[in-house]
1. Which fully enclosed strands (runs of 3 or more DSSP E) of region 123-219 have 1 or more residues being over 14 Å from the mean Cα position of the chain (by Cα)?
2. What residue, of 125, 134, is surrounded by fewer than 18 Cβ atoms within 10 Å (Cβ to Cβ) and either within 24 Å of residue 4 (Cβ to Cβ) or modelled with pLDDT of 95 or more (or both)?
3. Which one is farthest from residue 51 (Cα to Cα), of the residues in region 70-103 that are touching a helix residue (DSSP H, G or I) at 6+ places or on another chain (Cβ under 8 Å) and surrounded by fewer than 16 Cβ atoms within 10 Å (Cβ to Cβ)?
4. With the checklist (1) over 20 Å from residue 160 (Cβ atoms); (2) in contact with a helix residue (DSSP H, G or I) (Cβ under 6 Å, 6 or more places away or on another chain); (3) at pLDDT 90 or above; (4) surrounded by 16 or more Cβ atoms within 10 Å (Cβ to Cβ) in hand, flag the one item residue 106 doesn't pass.
5. Considering only region 1-34, how many residues are part of a loop (DSSP other than H, G, I, E, B) and either touching a strand residue (DSSP E or B) at 6+ places or on another chain (Cβ under 9 Å) or without any contact (Cβ under 8 Å) to a residue 24 or more places away in the chain (or both)?
6. Exactly one of these conditions fails for residue 37: (1) modelled with pLDDT of 95 or more; (2) in a loop (DSSP other than H, G, I, E, B); (3) under 13 Å from residue 218 (Cα atoms). Give me its number.
7. Taking residue 174 and the conditions (1) without any contact (Cβ under 8 Å) to a residue 60 or more places away in the chain; (2) in contact with a helix residue (DSSP H, G or I) (Cβ under 7 Å, 6 or more places away or on another chain), which numbered condition does it fall short on, given that it satisfies the others?
8. Is one or more of the residues making up region 55-68 part of a helix (DSSP H, G or I), under 18 Å from the mean Cα position of the chain (by Cα), closer than 22 Å to residue 186 by Cα and modelled with pLDDT of 90 or more?
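The values are calculated or read from the model by the stated rules, or taken from the named source; none is laboratory data. All values derive from a computational prediction rather than experimental measurement. Please note: Cβ atoms are built from the backbone with ideal geometry, for glycine as well, and neighbour counts cover all protein chains shown.
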């Protein structure tokens, strides 16, 4: 359920790559709070730091400075093993490219992550909610791109994560399929209550968000709450 309970708190986050003349400051003092159950859309041009921000939240990279707290866990103090446990317990990832295992069925691709959770979602119920139950025994090459992305979302969701991180989840899809995937994410947020962060170049998607973050040159230039988000079905671009 959405509310005013802080869930993801980022304070003074810093990250650079390279040294000397090649040094690039990718994140420069990012501070924001995302509440439990919110859908947050992060916008910005290429190179603004969006994907790096997602990687730091996901515990895939280490910050140079600042603090990240997710559900009372401070990531910046965790060891490599503890970060692995955090990712297993708390996170689901969805990427632009589906990264499915071609020799596993749709059901098996989802099942590979179910064992990571002590309380995974019921498989048949999840397959039905994803619209994949009738395709569960097919291989990825036998279904559409949209169905493959639904499978990728199912793989992330079956762990019953508190936080779903989505990096350009509609970037490889056509308009109609993109709308279907966004409607699915809307349903996922409503039905399972997970907090969702979506990184995208498509500014129209921000209209369905509870919160919009806009990055430029490693800084947040907009942190806006949307009191009346549009339904995903109403989005146009």
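1. Working: elements: 163-167, 195-199, 211-216.
It comes to 211-216.
2. Values: 125 fails: either within 24 Å of residue 4 (Cβ to Cβ) or modelled with pLDDT of 95 or more (or both).
Among 125, 134, only 134 is surrounded by fewer than 18 Cβ atoms within 10 Å (Cβ to Cβ) and either within 24 Å of residue 4 (Cβ to Cβ) or modelled with pLDDT of 95 or more (or both).
3. Only one residue tops the list, namely 102.
4. Answer for residue 106: the failing condition is (1).
5. Adding up the residues that qualify gives 7.
6. So residue 37 meets the others, but not (3).
7. Result: residue 174 fails condition (2) only.
8. As a first pass, look at region 55-68 and keep what is part of a helix (DSSP H, G or I): 55-57.
Still in the list and also under 18 Å from the mean Cα position of the chain (by Cα): 55-57.
Okay, now just the ones that are also closer than 22 Å to residue 186 by Cα, so 57.
The next check asks that each one be modelled with pLDDT of 90 or more; those that pass are 57.
Yes: one or more hits.
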